[in-house]
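For reference, the structure is listed below as structure tokens.
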Amino acid sequence: MGQNSILELEAINTFYGKAQILFDMTFKLQRGEAAVLLGRNGVGKSTTFKSIMGLVQVKRGQILFQGTPIAGLPPYKICSLGIGYVPEDRRIFTGLTVMENLEVGKRPPRPGIEPWTPERLFELFPNLKALKDRPGGQISGGEQQMLTIARTLMGNPELLILDEPSEGLAPVIVDQLAETIWSLKSNGVTVLLAEQNLTFSKKVSDKAFIIDHGRVCHESPINQLSDEICQMYLAV
């Protein structure tokens with residue numbers, strides 16, 4: 001594993017039942033960067049994330065996080081190593097207040113890393129501060145997305161994985177989300193996201209991995225993606 005690599009997937013193959021979804025999926029993520037998996041629906045982006053998090057079994061191949069093999073570990077162990085995961089459907093606790101949702105995500109601080117606290121998160125997400133006593137089910141979809149990210153950060157991850165974070169959000173909220181991701185990078189968090197929104201991805205990402213039929217078919221700095229590649233793999 002490279003000296004600056006934080007995550008490496010080495011030819012992983014993942015199945016749902018007998019249906020193979022990932023075919024020798026391979027890529028490397030450098031510490032401190034923001035990278036995006038781009039591709040149409042059904043090409044394997046979410047399955048890649050679930051494979052990393054131990055939510056589906058990797059049949060073949062290896063996943064390394066900071067040099068440690070994690071394929072086959074239970075999800076709670078993978079999280080404890082320093083990976084935070086924000087799934088596509090948010091999954092907040094609707095009956096708990098915003099503050100209680102944050103407390104649920106709290107984990108011990110990591111050596112050498114400034115811990116995330118509610119006070120620090122309210123600086124990053126000022127809208128949540130005014131809503132801290134409101135039940136999660138009574139805030140907007142955009143606010144729920146911010147809450148999910150904030151709750152995940154309470155676990156003090158070194159790598160944050162976001163599955164289609166801009167989906168279904170109003171443009172003004174998407175812009176706020178882009179600013180948040182840049183702030184996270186400046187705070188030392190490495191970010192890996194899956195997206196179909198190319199405009200948003202270009203605002204927040206350094207690198208793009210184009211996914212098609214369960215494998216990486218193209219990799220480049222996101223500002224060097226050609227129109228031909230985008231038309232071939234991203235156009236609906």
Is it the case, given these coordinates, that Glu219 is of a type in the set (Asp, Glu), out of contact with any helix residue (DSSP H, G or I) (no Cβ under 9 Å at 6 or more places or on another chain) and either buried (at least 16 other Cβ atoms within 10 Å of the Cβ) or under 20 Å from Thr48 (Cα atoms) (or both)?
yes
Gln20 - would you say it is surrounded by fewer than 18 Cβ atoms within 10 Å (Cβ to Cβ) and either farther than 27 Å from Gln196 by Cβ or modelled with pLDDT under 95 (or both)?
no
What pairs can you find where one residue is in the stretch 6-26 and under 10 Å from Gly214 (Cα atoms), the other is at pLDDT below 95 and assigned to a strand (DSSP E or B), and their Cβ atoms are less than 6 Å apart, with a gap of 6+ or different chains?
none
Which members of the stretch 216-226 meet the condition of being farther than 15 Å from Leu9 by Cα and of a type in the set (Val, Ile, Thr)?
Ile222
Name the residue that is nearest to Gly32 (Cα to Cα), counting only residues in the stretch 178-226 that are among the small types (Gly, Ala, Ser) and free of Cβ contacts under 8 Å to residues at least 24 places away in the same chain.
Ser186
Inspect all residues belonging to the stretch 205-215 and state whether any of them is in contact with a Lys or Arg (Cβ under 9 Å, 6 or more places away or on another chain), surrounded by 17 or more Cβ atoms within 10 Å (Cβ to Cβ), over 20 Å from Ile12 (Cβ atoms) and of a type outside the set (Lys, Arg).
no
Of the conditions (1) at positive phi; (2) among the hydrophobic types (A, V, I, L, M, F, W, C); (3) crowded, with 17+ Cβ neighbours inside 10 Å, Val56 fails just one. Which one is it?
(1)
Conditions first: (1) more than 23 Å from Ala11 (Cα to Cα); (2) touching a strand residue (DSSP E or B) at 6+ places or on another chain (Cβ under 9 Å); (3) not in a helix (DSSP H, G or I). Ala235 passes all but one, so which condition is the exception?
(2)
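The values are calculated or read from the model by the stated rules, or taken from the named source; none is laboratory data. Because the structure is a prediction, the values reported are computed rather than measured. Neighbour counts are summed over all protein chains in view; Cβ atoms, including those assigned to glycine, are modelled from backbone coordinates with ideal geometry.
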